[in-house]
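S.K.: Quick one: the structure is below, questions incoming.
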Amino acid sequence: MPVRVSEFSWQQTPATIFLSLPLRGVCVRDADVFCGESYLKVNFPPFLFELFLYAPIDDGKSKAKIGNDTILFTLYKKEPVLWDSLSVPGVDKEMMQRIREKSILQAQEKAKEATEAKAVAKREDQRYALGEMMKIEEEERKKIEDMKENERKKATSELEAWKECQKKADGQKRVQRKEKPLEGKQAEETKALKPRGLPRKAPPTRLPTRGRNWENIFPEKLKEDRVPAPRSAGSIQISFTPRVFPTALRESQVAEEEEWLHKQAEARRAMSTDLPEFFDLKEEERNPDWLKDKGNKLFATENYLAAVDAYNLAIRLNCKIPLLYLNRAACHLKLKNLHKAIEDSSKACKIMKLHLRLTQPTQLYRTMQRRFGI
């Protein structure tokens, strides 16, 4: 239940009323003011101030100033008359309720009218802005059209001037063509009028001597030299030494070559006995080294599945080459097949250990030792 405030002070003039209302220590932000033509309310919890005015006021011009724990109202009267009192005397509850409802309805109607007026003003501003933009665009378009028209007129005038120049030039050429036959006729007439005399001997022609203007494009040396006779045809016999090992003799060792030939013989023997289905392959496709190089190229292009197939075929042809297992392990590692990568690596290690026990270190072992630190 709010506490009603009855302590306030006021003064009046024929046109204005000054009302001072203390806030009693309440925060300014908590004060809520409502002002109508015949009703004034200030709600600052827990206090409430209501005033039913003696006569209507202009709520649009009236002002309220809050400061120093006081609200100072400046209310402008609609009729410049001195009031007998600030509030209407003898107001009952029903009349108070009617005044409250009437003031609220009036305030709502005014707010609605203000909103509509604001919307209308906004639409008018938009329409005005659109009209101005259209005017500006029309002016720009007109300027562009004028510029085009001026350029067209300028080009037309230049074209006409060029045509006139061409006509004048053509006229001069025609005149010159007409004058040339007349000159020829006059020359013939003058020749016919001259007396005929003895024919003159032509002066002897003299060959130009060598001097400043002497030009000879064929030097004497070229006249003296002659083109040599073509060479006699022949043939050269070339014989090549048959070479089975993939490298030249100067780049290989005899022991390595014999080992390679032994591996090739074992591969052919294995194909003829254990792998009869490889007879349909080409000769190069039956070579494990060729298949290893093919798998390396596929691995370089990140085609790991095809590389695995190439290494599988090479291992089936010759299962004693550790590099095939190592390369296939690298492919499985790229394909995230960790168990298969471990298996191939283990097989390669076993083959290399067995090879070290049987033979001395070769170039292959030295390569593996340098690469994997075995």
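S.K.: How much length would be gained if the chain were fully extended between residue 116 and residue 177, taking 0.36 nm per residue of separation minus their Cα-Cα distance, in nm to one decimal?
M.R.: Values: separation 61, 0.36 × 61 = 21.96 nm, distance 9.01 nm.
Contour length minus the Cα-Cα distance gives 12.9 nm.
S.K.: Given the peptides 105-115, 286-296, arrange them by the average over their residues of other C-beta atoms within 10 Å, most packed first. Walk me through the intermediate numbers first.
M.R.: Details: 105-115: 11.5, 286-296: 19.5.
Highest-to-lowest ranking by the protection proxy: 286-296, 105-115.
S.K.: What nm distance separates the two modelled labels at residue 95 and residue 165, each placed 7 Å from Cα along Cα→Cβ?
M.R.: Computed distance between label sites residue 95 and residue 165 equals 10.4 nm.
S.K.: Check cross-link reach from residue 180 to the lysines: straight Cα distance under 24 Å, and skip same-chain residues fewer than eight apart.
M.R.: Within the straight-line cut-off, residue 180 pairs with 167, 168, 191, 194.
S.K.: Rank-order 331-340, 140-149, 307-316 by packing density, defined as the average count of other C-beta atoms within 10 Å over each peptide's residues, highest first.
M.R.: Numbers: 331-340: 14.8, 140-149: 10.0, 307-316: 21.7.
So the order, starting with the most tightly packed, is 307-316, 331-340, 140-149.
S.K.: Counting only heavy atoms of the protein chains, get the accessible area per residue of the stretch 113-154 (1.4 Å probe) and round it to a whole Å² value. Show your work: numbers first, answer last.
M.R.: On the way: 4160 Å² over 42 residues.
So the stretch 113-154 comes to 99 Å² accessible per residue, rounded to a whole number.
S.K.: Could you derive backbone 3J(HN,Hα) for the stretch 124-130 from the dihedral phi with the Karplus parameters 6.51, -1.76 and 1.60 (θ = phi - 60°), listing whole Hz in sequence and x where the residue is Gly or Pro?
M.R.: 4, 5, 5, 5, 5, 4, 5
S.K.: Just grab the label-to-label distance for residue 5 and residue 29, each label 7 Å out from Cα along the Cβ direction, in nm (one decimal).
M.R.: Here the modelled spin labels are 1.9 nm apart.
S.K.: My understanding is that a pair violates if its Cα-Cα distance is over 19 Å; which of 143/163; 320/350; 65/118 do that in this structure?
M.R.: Numbers: 143/163 30 Å; 320/350 10 Å; 65/118 26 Å.
Listed pairs above 19 Å: 143/163; 65/118.
S.K.: Could I ask something else about it? Distance check, please: which entries in 41/63; 292/347; 63/122 exceed 21 angstrom between their Cα atoms? Spell out each step's value before the answer.
M.R.: Values: 41/63 13 Å; 292/347 17 Å; 63/122 27 Å.
Checking Cα-Cα distances, 63/122 exceed 21 Å.
S.K.: At most 16 other Cβ atoms within 10 Å and a DSSP loop assignment: could you name the GluC sites (Glu not before Pro) in the stretch 4-86 that fit? Don't skip to the answer; put the middle values down first.
M.R.: On the way: sites: 7, 37, 50; in loops: 7, 37.
For GluC sites (Glu not before Pro) across the stretch 4-86 that sit outside H, G, I, E and B with at most 16 neighbouring Cβ atoms in 10 Å, the list reads 7.
S.K.: Separate question: Note down the magnitude of the dipole of the stretch 65-137 about its Cα centre, charges +1 on Lys and Arg C-beta and -1 on Asp and Glu C-beta and zero elsewhere, to the nearest 20 debye.
M.R.: Details: 14 positive and 13 negative charges, 14 e Å.
Magnitude of the dipole: close to 60 debye.
S.K.: With no solvent and one equal point scatterer placed on each C-alpha of the stretch 23-101, evaluate the Debye formula and give log10 I(q)/I(0) for q = 0.18, 0.23, 0.24, 0.27 Å⁻¹, two decimals.
M.R.: The Debye formula, applied to the Cα set alone, gives -0.82, -1.17, -1.22, -1.33.
S.K.: Relative contact order for the stretch 50-113 using alpha-carbon pairs under 8 Å, separation at least 6, rounded to a whole percent?
M.R.: 33
S.K.: Let me ask something else about it. How many nm separate the modelled label positions at residue 15 and residue 142, each set 7 Å beyond the Cα in the direction of the Cβ?
M.R.: With each label placed 7 Å out from Cα toward Cβ, I get 4.9 nm.
The values are calculated or read from the model by the stated rules, or taken from the named source; none is laboratory data. Computed from a predicted model, the values in this text were never measured in an experiment. Every residue, glycine as well, gets a Cβ built from its backbone with ideal geometry; the counts of neighbours run over all protein chains shown. The protein model used for the area step is the full one, side chains on, heavy atoms only, and it has no ligands, DNA or RNA in it. Shrake-Rupley method; radii C 1.70, N 1.55, O 1.52, S 1.80 Å.
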